[in-house]
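To start, the structure itself, in structure tokens.
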Amino acid sequence: MLEPKVKVKRVLFFDSGVGGLSVYRAVKELNNEIEAYYLFDNECFPYGNKTESFLIERIEKLIEAACKRYELSAIVVACNTASTVALPELRCHIKLPIVGVVPAIKPAAKLSKNKVIGILATPGTISRKYTQDLIDSFASDCKVIKVGNANLAVIAENRLTTGKVDKKAITKILEPFINAPIVPDTVVLGCTHYPFVKDVIQEVMPETRLVDSGEAIGRRVKTVIKESTTIETREKLDRAFYTGDLENFDDRLQMVRKFGFKKLEKFEL
Ligand code: DGL
């Protein structure tokens with residue numbers, strides 16, 4: 001007898017580490033019906049300090065391999081560092097709908113009352129032309145304070161896997177905002193890892209509004225999957241994949257299970 005099949009929209013989430021889980025969580029809130037495959041490139045984490053050419057080649061290779069291996073409805077590049085450098089290339093070579101995550105500069109500029117906004121991101125994202133273009137287009141009426149830091153993503157990654165968070169180090173990273181002549185009333189969390197340390201950032205900067213792209217991505221995915229391919233499968237199953245050696249496999253497995261993933265598997269290139 002033939003196994004019964006279910007129809008799903010299968011969305012691939014891609015990031016260097018745990019950051020994509022903040023996007024996945026926001027997307028699921030609005031699109032609980034999707035089946036999620038979550039691929040994180042722990043072998044090359046962190047992305048924030050890697051060259052653009054390295055990242056473009058690496059990200060394309062992984063996402064193309066995932067597309068060959070699995071039937072997918074859509075892709076979410078759940079990483080600002082990857083999106084701000086690799087989206088054009090990916091869209092050239094991959095036919096599926098691709099949703100990228102870029103710093104929420106436009107909403108932040110709109111929300112700001114004192115017209116001083118901060119952007120907190122990886123050094124890669126902070127230095128990209130893509131980010132400067134967003135500032136020029138949407139925040140030309142604001143003073144923009146940019147802080148690029150490679151370590152904050154590592155701090156967030158550790159928090160999710162070990163439960164420990166280094167508040168002192170976070171306070172130090174935020175100094176350019178705190179010590180500015182006018183403290184920004186709005187700060188963009190321009191890295192998908194940062195929602196996992198948002199409470200600590202908020203403690204250090206209680207008066208400042210923190211803005212990320214999660215909800216906007218959730219809305220975008222809702223629109224995109226309406227038109228995207230429906231996939232038949234035996235059972236709807238959220239799966240997570242990693243690329244390199246995972247020393248703390250059991251901790252990671254527990255962690256992804258808390259987010260709803262049933263499996264954690266090695267993704268061989
Ligand atoms: N989560 C990523 C981002 O949104 C990058 C973190 C990293 O690998 O440096 O930028």
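The values are calculated or read from the model by the stated rules, or taken from the named source; none is laboratory data. For clarity, every value in this text was computed on a predicted model and none was experimentally measured. Note that each Cβ is placed from the backbone with ideal geometry, even for glycine, and that neighbours are counted across all protein chains shown. Ligands, DNA and RNA are excluded from the accessible area calculation, which covers all protein heavy atoms including side chains. Shrake-Rupley method; radii C 1.70, N 1.55, O 1.52, S 1.80 Å.
Which condition number in (1) farther than 30 Å from residue 268 by Cβ; (2) surrounded by fewer than 16 Cβ atoms within 10 Å (Cβ to Cβ); (3) within 16 Å of the ligand (Cβ to nearest atom) is the one that residue 244 fails?
Of everything listed in (1) farther than 30 Å from residue 268 by Cβ; (2) surrounded by fewer than 16 Cβ atoms within 10 Å (Cβ to Cβ); (3) within 16 Å of the ligand (Cβ to nearest atom), residue 244 misses just condition (1).
Within region 51-83, track down each residue that is under 24 Å from residue 147 (Cα atoms) and either at pLDDT below 95 or buried (at least 21 other Cβ atoms within 10 Å of the Cβ) (or both).
Passing the criteria: 55, 77, 78, 79, 80, 81, 82, 83.
Within region 65-87, track down each residue that is touching a helix residue (DSSP H, G or I) at 6+ places or on another chain (Cβ under 7 Å) and either of a type in the set (Phe, Trp, Tyr) or assigned to a helix (DSSP H, G or I) (or both).
Once the filter is applied, which keeps residues that are touching a helix residue (DSSP H, G or I) at 6+ places or on another chain (Cβ under 7 Å) and either of a type in the set (Phe, Trp, Tyr) or assigned to a helix (DSSP H, G or I) (or both), region 65-87 yields 80, 81, 82, 84, 85, 86.
Considering only region 112-131, state which residues are open to solvent by less than 60 Å² (accessible area, probe 1.4 Å) and in a helix (DSSP H, G or I).
Of everything in region 112-131, those that are open to solvent by less than 60 Å² (accessible area, probe 1.4 Å) and in a helix (DSSP H, G or I) turn out to be 123, 124, 125, 126, 131.
Do the conditions hold for residue 219, that is, is it modelled with pLDDT under 95, farther than 28 Å from residue 161 by Cα and not acidic (Asp, Glu)?
Against the criterion (modelled with pLDDT under 95, farther than 28 Å from residue 161 by Cα and not acidic (Asp, Glu)), residue 219 does not qualify.
Exactly one condition in (1) touching a residue at least 40 places away in the same chain (Cβ under 8 Å); (2) among the polar types (S, T, N, Q); (3) part of a loop (DSSP other than H, G, I, E, B) is not met by residue 32; state its number.
It fails just one condition, (1).
Yes/no matrix, rows are residues, columns are (1) under 27 Å from residue 109 (Cα atoms); (2) within 15 Å of the ligand (Cβ to nearest atom); (3) not small (Gly, Ala, Ser):
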{"site": "168", "(1), (2), (3)": "no, no, yes"}
{"site": "174", "(1), (2), (3)": "yes, no, yes"}
{"site": "195", "(1), (2), (3)": "yes, yes, yes"}
{"site": "221", "(1), (2), (3)": "yes, no, yes"}
{"site": "225", "(1), (2), (3)": "no, no, yes"}
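Any idea which residue in region 233-269 is farthest from residue 12 (Cα to Cα), counting only those that are assigned to a loop (DSSP other than H, G, I, E, B) and of a type in the set (D, E, K, R)?
247
Please work out which one of (1) within 16 Å of the ligand (Cβ to nearest atom); (2) over 18 Å from residue 100 (Cβ atoms) is the condition residue 47 fails and give its number.
(2)
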